[in-house]
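Trainee: Pasting a structure here, questions to come.
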Amino acid sequence: METYWREVQNIKDEEEEREEEEEETCLDEAELEEAWLSEAGLSSLVTGSATEDGPADALLSTLTRQQVATVTERLENYKQTLRKTNRPAPTHVQDIFTTSSPGPPDSAPPRFHRTTKTIHKPRANSHLDTKQTVEADWLVSELPYSEGVSNHKRGVASRHLHGNTDLLLIQLPSSRGVLVRVEDLSPADVTQLGFIALIELSTFLSSLGVRTPKTKTHRHRAPGKDSGVFGVPLSSLLERDRKLYSGETVPAVFRKLLCILEQTGLDTEGILRVPGSAARLKFLRRELNKKFSAGQFDWSTVRPQEASGLMKMFLRDLPSPLLTSMHLPAYTALLGIPSQVHQVQALHLLTLLLPEANRHLLKVLLSFLGEVVSHQDRNRMSLWNVSMVIAPNLFPSRHGNKRCVARQQQEMEEAVGAAHLVQLLVAHRDLLWTVPCFLLAQVRRVNQVTRHKKGLKKRQDKNYKNQVPSLWEGVIRVHAPLHSKVSMAIQLDGHTRAKDVIARFQYENRTGYEDVNCLFEVGGNIGERCLHPDTVLMDVHLVNPSCSWLLKPRPQASHHWA
């Protein structure tokens with residue numbers, strides 16, 4: 001634990017000398033429930049404006065019974081709290097759920113047929129020191145985490161917080177073609193995904209008997225700083241960087257620091273752990289604030305240990321925590337879950353709830369930390385060592401002084417717990433950015449119910465069938481507006497994959513742009529989805545028969561599939 005406490009002490013010394021003040025805002029119970037309902041896309045329930053055609057109606061009509069119970073409990077708790085303070089309550093929950101009728105019987109998308117379960121052997125040269133390796137078959141299941149609790153309680157490893165020797169490594173399923181990355185969905189679909197993920201997270205934790213604290217404190221640094229690169233909101237940094245680097249998803253200064261560490265620090269013993277000079281770090285911080293945006297900062301003078309210190313300082317200086325003030329208590333609460341599988345599932349849902357900028361920054365951070373661990377033979381930084389160093393920068397200590405004897409045991413448990421969370425995040429970083437099939441199915445259901453209510457559902461009568469006969473014969477038409485051959489009819493079978501269609505267009509057009517083209521599923525019960533190259537198109541056709549197919553360049557912010 002010496003590494004952890006040294007990092008905490010460095011942070012404390014730095015904060016004592018800083019002139020910036022932190023503001024704390026404590027939310028009462030009513031405000032807490034109102035914030036939850038708003039984040040779940042159900043703010044209309046709070047304002048009492050929820051009607052049959054209200055914005056929350058489509059979402060409510062597609063929830064499972066357990067998810068409905070979670071929303072009902074939250075709203076009832078909100079109402080009771082308002083009564084205690086003599087404030088007017090919104091519409092009764094019974095009225096809300098009786099007016100929210102479910103969608104038409106045929107609106108539920110068909111199930112995927114290619115969900116397989118294969119247990120992989122541990123990867124060679126894993127560097128994660130694990131004793132068990134299992135496959136995340138629950139990613140390709142249509143059973144919500146909250147409804148699968150009883151199934152997963154049997155035969156899974158228990159939580160161990162004393163090092164990484166007992167870490168359970170959970171790998172992605174072998175049927176990669178059915179997996180969807182959150183960044184490959186349209187912004188509107190990601191918004192709906194966040195609403196459902198929050199409701200599911202609360203339902204899941206409740207099913208496990210885990211309760212998050214009823215009071216939360218939002219801590220953020222004093223506002224008003226827009227210049228420089230430290231202590232500036234991620235949104236402001238990205239807005240500035242995108243004027244120079246179109247499509248940038250991570251602040252340029254943070255990416256540059258990681259680049260230096262990857263080029264010169266991966267083989268440095270104690271990288272991340274051995275701190276640079278405090279005076280030197282303060283000097284570099286001032287210089288970066290003054291010169292980085294103008295391109296005048298001399299990076300050749302920055303040593304690996306200093307880049308490491310600046311990287312951690314950047315994370316600590318963010319006006320709002322990277323993992324968000326709203327959900328930090330939930331991260332701590334999931335330490336009470338006795339199964340690592342359930343802990344990873346909860347972390348997965350929490351990751352899907354992150355704002356886009358936070359999610360992208362966390363992704364590149366965890367990828368870098370994984371690289372550090374893969375070089376542990378030379379840098380002496382195991383997964384547990386890395387987790388102990390990074391934990392205080394993502395999960396700030398709630399105690400100002402660890403010398404108090406009465407607090408030492410609690411502080412020790414919090415320290416080990418925070419390091420365990422970082423350990424899980426790093427070890428399962430590839431899993432965190434995927435969308436479970438059950439969540440995607442619910443997003444599709446919300447979209448279909450919305451279209452049905454707006455009268456946008458395509459007619460499926462004889463006239464429509466006669467107009468589009470290919471739809472019923474397993475033939476799709478793929479459009480490629482940037483190619484010389486702009487359209488092509490494709491006969492589907494059980495083996496046709498997205499990469500096969502891309503290859504046919506490349507061959508027909510005699511071009512070599514495979515790396516910059518992606519097949520998209522557009523419309524129907526989805527906004528837009530960039531398909532994995534191994535996606536079986538018949539599966540997509542069955543689940544979304546009225547979608548369009550479009551071949552176009554990948555989004556600039558999207559990385560290639562692994």
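The values are calculated or read from the model by the stated rules, or taken from the named source; none is laboratory data. Source: prediction; values computed, not measured. As a convention, Cβ positions derive from the backbone with ideal geometry for all residues, glycine included, and neighbour counts pool all protein chains shown. These accessible areas exclude ligands, DNA and RNA; they are computed on the full protein's heavy atoms, side chains included. Shrake-Rupley method; radii C 1.70, N 1.55, O 1.52, S 1.80 Å.
Trainee: If packing is taken as the mean number of other Cβ atoms within 10 Å per residue, what is the order of 523-532, 235-244, highest first?
Mentor: 523-532, 235-244
Trainee: Could you work out how far apart the two model spin labels at LYS291 and ASP28 are, taking each label as a point 7 Å from the Cα in the direction of the beta carbon, and quote it in nm?
Mentor: Label-label distance for LYS291 and ASP28, simple model: 5.2 nm.
Trainee: For the stretch 219-337, take the alpha-carbon Rg, divide it by the Kirkwood Rh, and send me Rg/Rh. Walk me through the numbers before you get to the answer.
Mentor: Numbers: Rg = 15.5 Å, Rh = 15.6 Å.
Rounded to two decimals, Rg/Rh equals 1.00.
Trainee: Another question, then. Can you work out D for the stretch 335-374 in µm² s⁻¹ from Stokes-Einstein, where Rh is the Kirkwood radius over C-alpha pairs, the temperature is 10 °C and the viscosity is 1.306 mPa s?
Mentor: In µm²/s, the coefficient is 139.
Trainee: What is the set of long-range amide H partners of VAL210 at a cut-off below 5 Å, with H atoms built 1.01 Å from backbone N?
Mentor: none
Trainee: Quick check: net charge around ASP298, other residues with Cβ under 13 Å of its Cβ, Lys/Arg +1 and Asp/Glu -1?
Mentor: Numbers: positive: LYS256, LYS290, LYS291, ARG303; negative: GLU287, GLU306.
Computed value for this residue: +2.
Trainee: Here's something else I'd like to know. What does the charge add up to near LEU42, with Lys and Arg as +1, Asp and Glu as -1, over the other residues with Cβ less than 11 Å from its Cβ? Can you show the working numbers first?
Mentor: On the way: positive: ARG74; negative: GLU33, GLU34, GLU39, ASP57.
Summing Lys and Arg as +1 and Asp and Glu as -1 gives -3.
Trainee: List the residues, sorted by chain then number, that are 5 or more residues from GLU135 or on another chain and whose placed amide H is less than 5 Å from its amide H.
Mentor: Correct list: HIS120, GLN171.
Trainee: Give me the one-decimal nm value for the distance between modelled label points at THR301 and ASN509, 7 Å along each residue's Cα-to-Cβ direction.
Mentor: So the two model labels end up 4.9 nm from each other.
Trainee: Okay, next question. Out of the stretch 272-343, which trypsin sites (Lys or Arg not before Pro) are coil in DSSP terms and have no more than 11 other C-beta atoms within 10 Å? Display every interim value, and only then the final one.
Mentor: Numbers: sites: ARG273, ARG280, LYS282, ARG285, ARG286, LYS290, LYS291, LYS312, ARG316; in loops: ARG273.
Of the trypsin sites (Lys or Arg not before Pro), not one in the loops of the stretch 272-343 has a Cβ with at most 11 other Cβ atoms within 10 Å.
Trainee: Dividing the alpha-carbon Rg of the stretch 265-304 by 2.2 N^0.38 Å yields what? Provide the component values of the computation, followed by the final result.
Mentor: Working: Rg = 11.8 Å, N = 40, 2.2 N^0.38 = 8.9 Å.
After normalising by residue count via 2.2 N^0.38 Å, the value is 1.31.
Trainee: So, in nm, how far is label ASP534 from label GLN410 when the simple model puts each one 7 Å beyond its Cα toward the Cβ?
Mentor: Placing both labels 7 Å along Cα→Cβ, they lie 4.8 nm apart.
Trainee: MET538 accessible area, nearest 10 Å², 1.4 Å probe?
Mentor: Only protein atoms counted, so the area is about 50 Å².
Trainee: Taking square-rooted eigenvalues a ≥ b ≥ c of the alpha carbon gyration tensor, is the stretch 316-455 rounded, prolate or oblate, where a/c under 1.5 means rounded and, failing that, a/b exceeding b/c means prolate?
Mentor: Working: a/c = 2.23, a/b = 1.68, b/c = 1.33.
Here the stretch 316-455 falls in the prolate category.
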